[in-house]
Amino acid sequence: MTSHLAVALDGDSFDAADWVAQVRLADEAGLDLVTFEDSFGRRGPDAVLVASRVAPLTRHVGLVPVATTTHTEPFHLSTALATLDHVSHGRAGWQVRVSADPAEAALLGRRAPLGFDELFAEAADAVEVVRRLWDSWADDAIIKDVATGRFIDRDKLHYIDFAGPYFAVKGPSIVPRPPQGQPVVAALAHGPRVWQRLDADVYFTTPADADAAARIVRQIPAGRKVFADLVAFLDDDQRTAIGRRGAAISDAAVFAGTPAGLADLIAAWQPAGLAGFRLWPGDPAHDLPAITRELVPELRRRGLFQPSAATTLRDRLGLPAAVNRYEGAARA
Amino acid sequence: MPKQIILAAHFPGVNNTTVWSDPRAGSQIAFASFEHLARTAERGRFDFFFLAEGLRLREQRGLIHDLDVVGRPDTLTVLAALAAVTEHLGLAGTLNATYHEPYELARQLATLDHLSGGRAAWNVVTSPGGFFGANFRRGGFLDHADRYLRAGEFIEAARALWDSDGGDFAYRGRQFDIRGRFGAPRSPQGHPVILQAGDSDGGRELAAKYTDAIFSRHHQLADAQEFYRDVKSRLARYGRDRDSLKIIPGVSYVLGDSDADAQEKAHHIRRQQVSPQTAILLLEQLWNRDLSGYDPDGPLPEIDPRLDEDDTIVQGRAGMYADRLRTANEWRARAEQKNLGIRDLIIEVTGRQNFIGTPARVAQQLDEYVQTDACDGFILVPHLTPTGLDDFVDQVVPLLQERGVFRTEYEAGTLRGNLGLA
Ligand SMILES: Cc1cc2nc3c(=O)[nH]c(=O)nc-3n(C[C@H](O)[C@H](O)[C@H](O)COP(=O)(O)O)c2cc1C
């Protein structure tokens, strides 16, 4: 079995060249996707725009920005992510995030922060709305029928008519259906609150070891892809890596050692049922090149990783074709 | 030295100016179309590329409009991608102040300004009607006056954020109470260029007080000169000099080998833009009634327009007619005098092709507009995607350069610098 490989980028640079350089490394190494961390409270650029900025300059890698549902309009999220999918020719994803931070709420000035249960209920509604909007145009809605003078067939557009406690959205989208139909939805899942409520295709989890990974995989509904997050400090000399690791702490397990050592760990965890791994370079300037230039060839030698020839992120991850809920038709 | 002309390229998005039935018409959605038009504009040393924003698909008679191009990508996301394939071109996006929040939008615009090396511009609109609200948390509607109050405070808040240079800030007004630390350092332009597109007194005041440029719809010489005079005269009240606000109408053009050839092409384009069905829908927008029973080649309705502005037959489009009855009577008189049916009349009265002729004639006329203070430049609205600007860049731009009224190389690193704004 081979694993999928992802890298998490969470830099605060506002220089496009920094992002292009990093995403190109991942692209050229054949990684499946990169995620772009974000929150309103942090210092750093808007992740969706960064993903879009690098899209024309990369070819294969999936582009998965983090965007919160707590302070955003689901309509704006849906159209921005659909557009990222158009711009990248089917490589867009979205990592859903909620924000319980009162300081973030004060930046938006809109309202008092919600409690956790409500935040997740709101996020679940937002995901539902975003997905419905992606489906609100049939693939073949644009007909350009000169004979009848019609650009679209309006019967192939659908009002989504969503009404919930947090917002109501009428639809349809203003953006025609994205190339993947449904861009890939991901969520960081520390526990059942996330995978039981948020309808994601990919869950990033933080097991401490292979047994914990197996327990998590058993709880997550079948058909979803489970990735394990790992922080990676990589050096040819293990002591150097451990030294660089210092006191680094993370929700995710921290690995400090040689690329071969990390390949051993991946080989040991993968049978737990993990679809893949998301690696957090301890120091992007050092560890991202170590991942793409040393770890990846090592994993390929061992048959643990194989770059996909698929052109869309869904296909890359082996997700089923997206069925349009309003049309019932499958797509390639 | 003559005034220098500002040139911008409007992506031919959703409206009936965009001819989709032409065999040369490409996709309105594919990134390749945006890239082609932007690269062409940059090859022509244009100041900026312009994108409109959609918040809901237009409806007429309660049905989604299906005759013109419908659907478009998200403004900021496309502009960020275009920053990757252009180097100098300004990237202007329409983003309404009613259904966005200042922190989020200021951060996105700062991001775009950084990621493009100082080329971001924001066209602030207020979006008419409650129709759009159905897609947003806010829902509902803001009164016209409140929309501009919100827009003014929105700009003030955005400026406070940009000026904080990643530090602490607080903004408190009637519309917003926001505080904290802005997540972006000062961007290359400091403040992205701000445009405004409202035409009412409130819109003009907002422009005079806060913005760097106006996207106007005044494109007939005398009317444009009057608008120019009115808006520029408002600047002194805010301690601003006349050159600090640029007035740039949206216009279209048709080029031909001779003036007669251009006229013929223009006529052909207008007939593609206004199909018989489109003619009836455009007439309905003034009449505010279902006119589906009328013959597009027949006479104008004898029945008068319906004046109920709260219940309009078209939803999702800015109100275009102030005095419906007077305009209807003008149209009837014109149709009668020239013996025009509905479609031919609509072709005449809704046209924006004021620059028709040989490249030399068009260059001369554009120059005349700018030198006689009808405007400071133009937002060109081509009728074709993605090649609609190719002929202008190849044939008219060199003539403007010869006249000494348009740059041959970008002079500055930022859009603000190229526009001659401080
Ligand atoms: C040239 C021009 C372009 C406009 N573009 C947009 C647009 O892209 N999206 C939008 O929602 N409104 C657009 N508007 C509408 C304005 O936002 C504004 O709401 C409308 O003009 C009403 O304001 P007013 O009464 O001051 O004219 C545009 C208006 C003009 C004149």
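The values are calculated or read from the model by the stated rules, or taken from the named source; none is laboratory data. Because the structure is predicted, anything quoted here is derived from the model rather than measured. Ideal geometry is used to build each Cβ from the backbone, glycine not excepted, and the neighbour counts take in all protein chains shown. Ligands, DNA and RNA are stripped out before the accessible areas are found, and what is left, the full protein with its side chains, is counted by its heavy atoms. Shrake-Rupley method; radii C 1.70, N 1.55, O 1.52, S 1.80 Å.
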(request) Give the long-range amide H neighbours of A:A232: residues separated by 5 or more places, or on another chain, with amide H under 5 Å away, using H modelled in the peptide plane at 1.01 Å from N. (result) A:F255, A:W280, A:G282
(message) From the Cα trace of the stretch A:1-69, what convex hull volume per residue do you get, rounded to a whole Å³?
(response) 85 Å³
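How compact is the stretch B:10-89 by the rule of thumb for globular proteins, expressed as Cα Rg over 2.2 N^0.38 Å?
Working: Rg = 13.7 Å, N = 80, 2.2 N^0.38 = 11.6 Å.
After normalising by residue count via 2.2 N^0.38 Å, the value is 1.18.
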(message) From zero outward in steps of 10 Å, how is the percent of C-alpha pairs of the stretch B:111-162 spread across the bins?
(response) 21, 39, 30, 10
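So which of A:K156/A:K225; B:K3/B:K232; B:K3/B:K265 end up more than 25 Å apart, counting from Cα to Cα?
Numbers: A:K156/A:K225 31 Å; B:K3/B:K232 16 Å; B:K3/B:K265 31 Å.
A:K156/A:K225; B:K3/B:K265, as the Cα separations exceed 25 Å there.
Roughly how compact is the stretch A:17-161, stated as its Cα Rg over 2.2 N^0.38 Å to two decimals? Don't jump to the answer; show the numbers that get you there.
Values: Rg = 17.9 Å, N = 145, 2.2 N^0.38 = 14.6 Å.
The value comes to 1.22.
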(message) Using only the alpha-carbon atoms, what does the stretch A:204-261 span along each of its principal axes? Please give whole angstrom values in decreasing order.
(response) 40, 22, 16
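What does the net charge come to around B:P2 if you take all other residues with beta carbon closer than 14 Å to its beta carbon, with K and R at +1 and D and E at -1? Please report the intermediate quantities before stating the final value.
Values: positive: B:K3, B:R403, B:R407; negative: B:D367, B:E368, B:D373, B:D376, B:E402.
With Lys, Arg at +1 and Asp, Glu at -1, the neighbours total -2.
Where Rh is the Kirkwood radius over the Cα pairs of the stretch B:380-422, the temperature 10 °C and the viscosity 1.306 mPa s, what D in µm²/s does Stokes-Einstein return? Each step should come with its number before you reach the end.
Numbers: Rh = 12.0 Å.
For these conditions, the coefficient is 132 µm²/s.
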(request) Among A:A232, A:A163, A:A321, determine the one that fluctuates most according to a GNM of chain A built with springs between C-alpha atoms less than 10 Å apart. (result) A:A163
(message) How far apart, in nanometres, would the label points at B:R61 and B:S21 be if each is projected 7 angstrom from Cα along the Cα-to-Cβ direction?
(response) 1.8 nm
(message) As I understand it, the value is the acute angle between the Cα axis of helix A:210-219 and the longest principal axis of the Cα atoms of chain A; what does it come to in degrees, rounded to 10?
(response) 20 degrees
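Express the relative contact order of the stretch B:275-349 as a whole percentage, based on alpha carbon pairs under 8 Å and six or more residues apart in sequence.
Working: 80 pairs, mean separation 30.6, N = 75.
Relative contact order of the stretch B:275-349: 41 percent.
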(message) With a 1.4 Å probe and all protein chains left in place, how much accessible area per residue does chain B have, in Å²?
(response) 37 Å²
(request) Find how many whole Å separate the alpha carbon centroid of the stretch A:164-209 from the alpha carbon centroid of the stretch A:67-101. (result) 9 Å
(message) Using alpha carbons only, how many angstrom separate the centre of the stretch A:260-332 from the centre of the stretch B:49-73?
(response) 39 Å
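When the convex hull of the Cα atoms of the stretch A:60-103 is projected onto a plane and the area is averaged over all directions, what value comes out in nm²? Could you put the intermediate results ahead of the total?
Numbers: hull surface 13.1 nm².
Computing the convex hull of the Cα atoms and averaging its projections yields 3.3 nm².
Can you pull the Rg over Rh of the stretch A:145-191, Cα-only, Kirkwood?
Numbers: Rg = 16.3 Å, Rh = 14.2 Å.
When Rh is taken as the Kirkwood radius, the ratio is 1.15.
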(message) Can you give me the Kirkwood hydrodynamic radius for the stretch B:275-349, using every pair of distinct Cα atoms, in Å to one decimal?
(response) 12.4 Å
(request) Go ahead and run the numbers for FRET between A:Y159 and B:R179, Cβ-Cβ distance against an R0 of 35 Å, rounding to 0.05. (result) 0.35
(request) Would you mind checking the radius of gyration and Dmax of chain B based on alpha-carbon positions, in Å? (result) 21.3, 67
(message) Return the Rg/Rh ratio of chain A with Cα-based radii and a Kirkwood Rh.
(response) 0.98
(request) Sort out for me the Cα centre separation of the stretch B:342-370 from the stretch B:263-316, rounded to whole Å. (result) 21 Å
(request) Estimate the FRET efficiency between A:D283 and A:A208 by the formula 1/(1 + (r/R0)^6), using the beta-carbon distance for r and 22 Å for R0, to the nearest 0.05. (result) 0.45
(message) As a test of the definition: with a 1.4 Å probe, what buried accessible area, both sides summed, do you compute for A against B, in Å² to the nearest 100?
(response) 5200 Å²
(request) Determine the equivalent ellipsoid of the protein assembly as shown by diagonalising the alpha-carbon gyration tensor, then write out the semi-axes as square roots of 5 times the eigenvalues, largest first, rounded to whole Å. (result) 48, 28, 25
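With an 8 Å Cα cut-off and a minimum separation of 6 or more residues, compute the relative contact order for the stretch B:158-211 in percent. Please report the intermediate quantities before stating the final value.
Values: 58 pairs, mean separation 15.6, N = 54.
Reported relative contact order: 29 percent.
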(request) Provide the FRET efficiency to the nearest 0.05 for the A:Q219-A:T240 pair, computing r from the beta carbons and using R0 = 25 Å. (result) 0.10
(message) Would any residue of the stretch B:1-34 have its amide N under 14 Å from a label point 7 Å out along Cα→Cβ of B:D261? List them or say none.
(response) none
(message) With bins 10 Å wide starting at 0, give me the P(r) of the stretch A:128-281 over every alpha carbon pair, in whole percents.
(response) 10, 27, 23, 18, 13, 7, 2, 0
(request) Can you check how the C-alpha radius of gyration of the stretch A:207-332 compares to 2.2 N^0.38 Å, as a plain ratio? (result) 1.22
(request) Largest first and to the nearest Å, give the Cα extent of the stretch B:44-152 along each principal axis. (result) 43, 35, 21
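Counting only C-alpha contacts under 8 Å and six or more residues apart, can you give the relative contact order of chain A as a whole percent? The partial results should precede the final answer.
Working: 657 pairs, mean separation 64.5, N = 332.
Reported as a whole number, the value is 19 percent.
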(request) Roll a 1.4 angstrom probe over the protein heavy atoms and tell me the percent of accessible area of the stretch B:275-349 that is carbon or sulfur. (result) 45 percent
